[in-house]
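Notes for the one structure printed next.
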Amino acid sequence: MALTRLARSLALAIVFILAAGASAQIFPAGSGAFSGRGTIKVSRCGKAAGSGSVTYSLDAAGVFMELGSGYTIVGAAARMGKRSFSISYDATNTDIINGFLANGASSACQDAFTLTASQITNTLKLNKRATRAKVTSTARIEGTTSSGAHTGTFKAKDNGNWTLAP
């Protein structure tokens with residue numbers, strides 16, 4: 001009887017372990033070179049826009065990387081749908097992004113902009129065949145200049161070919 005309980009407990013433990021392993025997210029690892037355009041609008045200042053090129057990559061564990069000219073930003077992907085992923089960042093990488101946002105807001109205001117708060121949202125979307133992708137970045141910002149407090153928004157869309165990792 002004790003052996004039966006032990007066998008049942010072991011079988012149940014194996015089922016839980018297999019279920020946990022089956023629920024682990026596996027991401028469509030790949031990368032691509034993208035080009036895009038971004039715009040930042042700041043209240044009582046105006047707007048600034050720019051374009052550029054960047055390389056994005058995603059590994060099977062969900063580590064998302066953005067490689068630009070002179071910088072690297074690392075984030076964690078979470079599945080939103082079959083082919084779409086939200087990207088989140090730790091404090092260090094959020095600080096890098098906030099630096100870019102403050103620089104853009106300074107350009108829009110033509111004055112030094114001190115960022116006091118931001119809400120950043122990034123998504124990666126792949127097409128059905130995972131051969132093309134779009135990265136959309138948005139942010140709401142708050143900050144100050146010598147003329148007072150300001151709020152603003154940032155929007156960027158990058159499009160490019162996506163190559164799945166072998």
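The values are calculated or read from the model by the stated rules, or taken from the named source; none is laboratory data. A quick note: this is a predicted structure, and the numbers were derived from the prediction, not measured. Note: ideal-geometry Cβ built from the backbone for every residue, glycine included; neighbour counts use all protein chains shown.
Within the stretch 115-166, restricting attention to residues that are closer than 18 Å to G75 by Cα and of a type in the set (V, I, T), which residue is surrounded by the fewest Cβ atoms within 10 Å (Cβ to Cβ)?
T121
Scan (1) in contact with a strand residue (DSSP E or B) (Cβ under 7 Å, 6 or more places away or on another chain); (2) touching a residue at least 60 places away in the same chain (Cβ under 8 Å) for the single condition L67 breaks and write down its number.
Result: L67 passes all but (2).
If G32 meets every condition in (1) surrounded by 12 or more Cβ atoms within 10 Å (Cβ to Cβ); (2) more than 27 Å from H150 (Cβ to Cβ); (3) at pLDDT below 95 apart from one, which number is that one?
Result: G32 passes all but (3).
Taking only the stretch 130-166 into account, find how many residues are within 16 Å of S53 (Cβ to Cβ) and either of a type in the set (G, A, S) or in contact with a His (Cβ under 9 Å, 6 or more places away or on another chain) (or both).
4
What about A117, is it within 16 Å of G50 (Cβ to Cβ), modelled with pLDDT of 95 or more and of a type in the set (A, V, I, L, M)? Can you show your working first?
On the way: within 16 Å of G50 (Cβ to Cβ): no; modelled with pLDDT of 95 or more: yes; of a type in the set (A, V, I, L, M): yes.
Spelling it out, it is not the case that A117 is within 16 Å of G50 (Cβ to Cβ), modelled with pLDDT of 95 or more and of a type in the set (A, V, I, L, M).
With the structure loaded, tell me whether V42 is of a type in the set (V, I, T), in contact with a helix residue (DSSP H, G or I) (Cβ under 8 Å, 6 or more places away or on another chain) and modelled with pLDDT of 95 or more or whether it fails that test. Walk me through how you get there before you give the answer.
On the way: of a type in the set (V, I, T): yes; in contact with a helix residue (DSSP H, G or I) (Cβ under 8 Å, 6 or more places away or on another chain): yes; modelled with pLDDT of 95 or more: yes.
It is true that V42 is of a type in the set (V, I, T), in contact with a helix residue (DSSP H, G or I) (Cβ under 8 Å, 6 or more places away or on another chain) and modelled with pLDDT of 95 or more.
Go over the candidates L6, L58 one by one and state the one that is modelled with pLDDT under 95 and over 17 Å from L101 (Cβ atoms). Even if it seems obvious, please write down each step before you answer.
On the way: L58 fails: modelled with pLDDT under 95.
After ruling out the rest, the residue left standing is L6.
Answer yes or no as to whether A130 is in contact with a Leu (Cβ under 7 Å, 6 or more places away or on another chain) and touching a residue at least 60 places away in the same chain (Cβ under 8 Å). Step through it out loud before you land on a result.
On the way: in contact with a Leu (Cβ under 7 Å, 6 or more places away or on another chain): yes; touching a residue at least 60 places away in the same chain (Cβ under 8 Å): yes.
The answer is yes for A130.
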